[in-house]
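The values are calculated or read from the model by the stated rules, or taken from the named source; none is laboratory data. The structure displayed is predicted, hence computed values, not measured ones. All Cβ positions, even for glycine, are placed from backbone atoms using ideal geometry, and neighbour counts span all protein chains on display.
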2 protein chains.
Amino acid sequence: MGRTSDARERILTAGADLFGRRSYASIGVAEICAAAGVPKGSFYYFFPSKQALALEVVDRHWEWQRGEWMRILTSVAPVVDRLRDLFVATAQMQSDALKGTGAVVGCLFGNLALELSTQDDPVRARLQEIFEEQIDIVEATLREAEAAGDLHVADARESAKAIVAQIEGLVLFAKLYNDPAQLESLWRSSMMLLGLQDEAVA
Amino acid sequence: MGRTSDARERILTAGADLFGRRSYASIGVAEICAAAGVPKGSFYYFFPSKQALALEVVDRHWEWQRGEWMRILTSVAPVVDRLRDLFVATAQMQSDALKGTGAVVGCLFGNLALELSTQDDPVRARLQEIFEEQIDIVEATLREAEAAGDLHVADARESAKAIVAQIEGLVLFAKLYNDPAQLESLWRSSMMLLGLQDEAVA
């Protein structure tokens with residue numbers, strides 16, 4: 001049994017690595033098995049399809065990323081500082097990927113959203129939920145900042161969506177130029193989106 | 001010769017349609033030829049590879065889109081109104097795609113950027129140039145608005161990049177939710193990014 005569950009983990013690790021770096025359509029089950037060092041029969045013992053593996057990879061990645069977001073956004077720092085910490089962590093994650101793999105990998109959810117949205121409904125439905133959750137988390141932080149008198153926005157939901165969209169757009173640039181420095185302006189852009197003046201964020 | 005150039009056009013039209021709707025990796029030369037109604041030999045007479053076709057599809061799409069952007073952003077309307085017109089046109093393009101194909105197709109450049117950035121260098125290099133040009137065009141508009149006294153931004157280049165990133169992020173949501181209404185907030189978000197008050201944009 002130890003051996004069996006090890007194979008499942010290795011398939012998940014190989015899938016996360018490949019889906020993170022390459023186009024979903026370009027990756028076959030045979031390649032995932034080769035990377036994981038497991039026979040093809042093992043794959044189908046654990047996962048009915050590549051899509052089923054993708055769903056679990058997406059869920060695990062979000063579980064990890066949500067944990068990071070919640071840790072940063074519920075810290076004891078002033079609320080606006082927590083938002084800045086989130087953006088610094090986002091840029092850092094892309095820098096780390098560049099050091100580890102030689103490439104800015106971008107956002108797994110954004111990558112899959114653009115590749116699969118016209119064709120792959122179960123993964124797409126899950127990605128919709130994840131982006132809703134991301135916007136929920138940022139919205140809750142903005143409402144906390146409003147309650148503390150640190151900012152005022154006309155529509156916290158819309159502002160949160162604009163911030164998540166800004167993250168995705170700048171992560172796209174970071175990936176396209178293979179340059180995490182593209183994310184350096186995320187903080188200033190987000191402060192503009194929230195109507196905060198420079199002196200409030202210095 | 002009329003027949004020959006017709007085949008080339010049909011391959012380009014089929015490529016634009018398929019690359020616009022589906023993952024690049026999932027599309028083969030055989031499928032493009034079937035959609036275009038040409039034999040495979042014709043394809044390789046005109047294009048050395050799928051990548052060469054993709055480069056020409058990207059160039060043509062940008063030629064068209066740049067024409068639209070320039071037409072809107074150099075009109076006689078007040079500068080800030082031209083920016084709003086650009087965002088209305090962006091949302092309209094996604095609505096038209098939804099009516100025509102049943103799907104919000106998103107941004108061809110953004111789709112290819114996320115899919116190919118870790119693997120396909122010639123297309124990626126071209127996409128880098130196109131996004132630079134998009135930012136150039138918006139930056140020139142912002143500088144014109146500044147000269148007219150309509151707005152003041154700390155860094156016109158950075159603001160232009162933030163606006164293009166916001167477009168890409170919201171187009172991603174429009175595609176993910178198959179809902180062009182996701183783009184309705186683009187105007188308000190961009191005005192926030194430019195530090196414009198509500199009364200200035202009413």
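Given the criteria within 11 Å of chain B (Cβ to nearest Cβ), under 19 Å from the mean Cα position of the chain (by Cα) and touching a residue at least 12 places away in the same chain (Cβ under 8 Å), does residue A:162 qualify? In short, yes.
Does residue A:102 fit the bill of being within 13 Å of another protein chain (Cβ to nearest Cβ) and small (Gly, Ala, Ser)? It is true that residue A:102 is within 13 Å of another protein chain (Cβ to nearest Cβ) and small (Gly, Ala, Ser).
Tell me which residues, restricted to the stretch B:5-26, are surrounded by fewer than 18 Cβ atoms within 10 Å (Cβ to Cβ) and within 14 Å of chain A (Cβ to nearest Cβ). Residues satisfying the conditions are B:17, B:26. Applying the criterion of being assigned to a helix (DSSP H, G or I) and not hydrophobic (A, V, I, L, M, F, W, C) to the residues of the stretch A:107-119, the residue that is farthest from residue B:119 (Cα to Cα) is A:110. If only residues of the stretch B:172-198 that are more than 7 Å from chain A (Cβ to nearest Cβ) and aliphatic (A, V, I, L, M) are counted, the one that is farthest from the chain's Cα centre (by Cα) is B:196. Those helices (runs of 4 or more DSSP H) of the stretch A:1-63 in which 2 or more residues are under 25 Å from residue A:97 (Cβ atoms) and in contact with a Gly (Cβ under 6 Å, 6 or more places away or on another chain) are absent.
Of all residues in the stretch A:27-44 being out of contact with any Leu (no Cβ under 9 Å at 6 or more places or on another chain) and surrounded by 14 or more Cβ atoms within 10 Å (Cβ to Cβ), which is nearest to residue A:110 (Cα to Cα)? Residue satisfying both the conditions and the ranking: A:33.
You will find that of B:104, B:88, the residue that is at pLDDT 90 or above and either β-branched (Val, Ile, Thr) or not in a helix (DSSP H, G or I) (or both) is B:88 and no other. When B:76, B:80 are screened for being at pLDDT below 90 and either more than 14 Å from chain A (Cβ to nearest Cβ) or touching a helix residue (DSSP H, G or I) at 6+ places or on another chain (Cβ under 8 Å) (or both), only B:80 passes.
Screening the stretch B:120-202 for helices (runs of 4 or more DSSP H) wholly inside it with 3 or more residues that are of a type in the set (Val, Ile, Thr) and either more than 23 Å from residue B:71 (Cβ to Cβ) or assigned by TED's automatic domain parsing to the domain that holds residue B:82 (or both) returns the ranges B:121-147, B:156-176.
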